[in-house]
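Student: Below: one structure in structure tokens.
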Amino acid sequence: MKVSPPYIGRFAPSPSGPLHNGSLVAAMASYLDARAHQGQWLLRIEDIDTPRVVEGADALIMQQLQQLGMHWDGDVIWQSQRLARYEEVFAQLRQQQLIYGCACTRKEIADSAIALGLHANGQYPYPGTCRHGTDKPMRAWRLVMPDKVVDFKDRWLGHQQQNPQQDIGDIIIKRADGLFAYQLVVVIDDGDQGITDIVRGQDLLDSTQRQLCIADYLGLTHPRYMHVPLILDEQGRKLSKQNHAPAISMHNALHSLQQAWLALGFDIFPCSTVESFWASATEKWVRRFLPSLS
């Protein structure tokens, strides 16, 4: 009989500003799922995109989590401290001839996709222009995506499928500025940390198949996924730091937690402390998502 590995989840914020109500929803869901499974909840600071990093935001995020009663397990990991590891994997993929240099600009990619009739839903799939070499100066490095349907069962949204090659095209894993791309480093980090379950916002749903392909290239076991709802602003946009979403109000931590709880589709329940909120919320999460344990 196959035994499942112990549950290891994670929350991985970008330190481009303090947590806001939208990021709290993802943090809460990942935290509750880990605690409901009596597993570990790790904290990773995703500061690989250094131009967007705000000095001191990582410490502020950690302080916010603690004030909200969300205590992580083990040591915190910063992506900026793992560049040698990313270089190692990059070299491995390049040796497997899965990586090539690309000289195309965004406009050239869009024009090519439109000319080939590949433009749909605001997406401009990369048509593989440089896959067999180019004489132009390299702007970035791309990873070959397989031309096949990749599917998975999302614990919130159900069955999902995508053909990464046709829908996205070969993806950038090292940018023109020399920085590694999120899609690569997140898979390396999850694999190295032994992450079994990823709970995050639905804005990242479209990235999942790409990350599963990278995991396959690296011989990693696929984690389970749950993509939870987003909080939208008055214009229907995802709450984000780029859209100047306000930081979580820490004057009333319990109220902030209750609002995130509502956004996850649960009903408000009476509680007087942050500790009692988490105790009751974990029980209710178990009843909804792990009924066999309740």
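Student: Looking only at segment 263-281, which residues are touching a residue at least 40 places away in the same chain (Cβ under 8 Å) and either closer than 18 Å to His227 by Cα or not in a helix (DSSP H, G or I) (or both)? Outline the logic, then answer.
Tutor: To start, the set of residues in segment 263-281 that are touching a residue at least 40 places away in the same chain (Cβ under 8 Å) comprises 263-264, 274-275, 277-278, 281.
Once the filter is applied, which keeps residues that are touching a residue at least 40 places away in the same chain (Cβ under 8 Å) and either closer than 18 Å to His227 by Cα or not in a helix (DSSP H, G or I) (or both), segment 263-281 yields Ala263, Leu264.
Student: Within segment 126-137, does at least one residue satisfy the condition of being touching a residue at least 24 places away in the same chain (Cβ under 8 Å) and assigned to a helix (DSSP H, G or I)?
Tutor: no
Student: Another one. Pick out the one residue from Gly22, Gly9, Gly17 that is in a loop (DSSP other than H, G, I, E, B), touching a residue at least 12 places away in the same chain (Cβ under 8 Å) and in contact with a Leu (Cβ under 9 Å, 6 or more places away or on another chain).
Tutor: Gly17
Student: Which condition breaks for Ala120 when tested against (1) open to solvent by 30 Å² or more (accessible area, probe 1.4 Å); (2) modelled with pLDDT of 95 or more?
Tutor: (2)
Student: Can you pull out every residue in segment 137-165 that is over 28 Å from Arg224 (Cα atoms) and surrounded by 12 or more Cβ atoms within 10 Å (Cβ to Cβ)?
Tutor: Within segment 137-165, Met138, Arg139, Ala140, Trp141 qualify.
Student: Continuing with the same structure: Could you go through segment 34-52 and let me know if any residue there is touching a helix residue (DSSP H, G or I) at 6+ places or on another chain (Cβ under 9 Å), under 18 Å from Leu290 (Cα atoms) and part of a helix (DSSP H, G or I).
Tutor: The answer is yes, given that some residue of segment 34-52 is touching a helix residue (DSSP H, G or I) at 6+ places or on another chain (Cβ under 9 Å), under 18 Å from Leu290 (Cα atoms) and part of a helix (DSSP H, G or I).
Student: Sort out which residues of segment 212-249 are within 26 Å of Ala57 (Cβ to Cβ), open to solvent by 50 Å² or more (accessible area, probe 1.4 Å) and modelled with pLDDT of 80 or more, and write them in order of number.
Tutor: Within segment 212-249, just Leu230 meets the criteria.
Student: Being free of Cβ contacts under 8 Å to residues at least 40 places away in the same chain, closer than 30 Å to Met138 by Cβ and out of contact with any Cys (no Cβ under 8 Å at 6 or more places or on another chain): is that true of Glu55 here?
Tutor: When the stated conditions are applied, Glu55 does not pass them.
Student: Quick one: how many residues across segment 170-211 are open to solvent by less than 20 Å² (accessible area, probe 1.4 Å), in contact (Cβ under 8 Å) with a residue 60 or more places away in the chain and part of a strand (DSSP E or B)?
Tutor: Number of matching residues: 7.
Student: Has segment 57-67 got at least one residue that is open to solvent by 60 Å² or more (accessible area, probe 1.4 Å) and either within 19 Å of Gly178 (Cβ to Cβ) or part of a loop (DSSP other than H, G, I, E, B) (or both)?
Tutor: Checking segment 57-67: not a single residue is open to solvent by 60 Å² or more (accessible area, probe 1.4 Å) and either within 19 Å of Gly178 (Cβ to Cβ) or part of a loop (DSSP other than H, G, I, E, B) (or both).
Student: Counting just the residues of segment 175-204 that are among the polar types (S, T, N, Q) and either within 21 Å of Arg155 (Cβ to Cβ) or modelled with pLDDT under 95 (or both), which one comes out nearest to the chain's Cα centre (by Cα)?
Tutor: Going through the qualifying residues, I end up with Gln202.
Student: Considering only segment 20-31, state which residues are more than 15 Å from the chain's Cα centre (by Cα) and either buried (at least 24 other Cβ atoms within 10 Å of the Cβ) or polar (S, T, N, Q) (or both).
Tutor: If the condition is that a residue be more than 15 Å from the chain's Cα centre (by Cα) and either buried (at least 24 other Cβ atoms within 10 Å of the Cβ) or polar (S, T, N, Q) (or both), then Asn21 is the only one that fits.
Student: Looking at (1) touching a Leu at 6+ places or on another chain (Cβ under 9 Å); (2) under 24 Å from Ile214 (Cα atoms); (3) free of Cβ contacts under 8 Å to residues at least 60 places away in the same chain, which is the one condition that is false for Ile99?
Tutor: Checking Ile99 against (1) touching a Leu at 6+ places or on another chain (Cβ under 9 Å); (2) under 24 Å from Ile214 (Cα atoms); (3) free of Cβ contacts under 8 Å to residues at least 60 places away in the same chain, the one that fails is (3).
Student: Turning to a different aspect of this structure: Keeping to segment 70-91, report how many residues are touching a Leu at 6+ places or on another chain (Cβ under 8 Å) and surrounded by 13 or more Cβ atoms within 10 Å (Cβ to Cβ).
Tutor: The number of residues fulfilling the criteria is 6.
The values are calculated or read from the model by the stated rules, or taken from the named source; none is laboratory data. Treat the numbers as computed from the prediction; the structure is a model and nothing was measured. Glycine also receives a Cβ, built like all others from the backbone with ideal geometry; neighbour counts cover every protein chain displayed. Heavy atoms of the whole protein, side chains included, go into the accessibility calculation; ligands, DNA and RNA do not. Shrake-Rupley method; radii C 1.70, N 1.55, O 1.52, S 1.80 Å.
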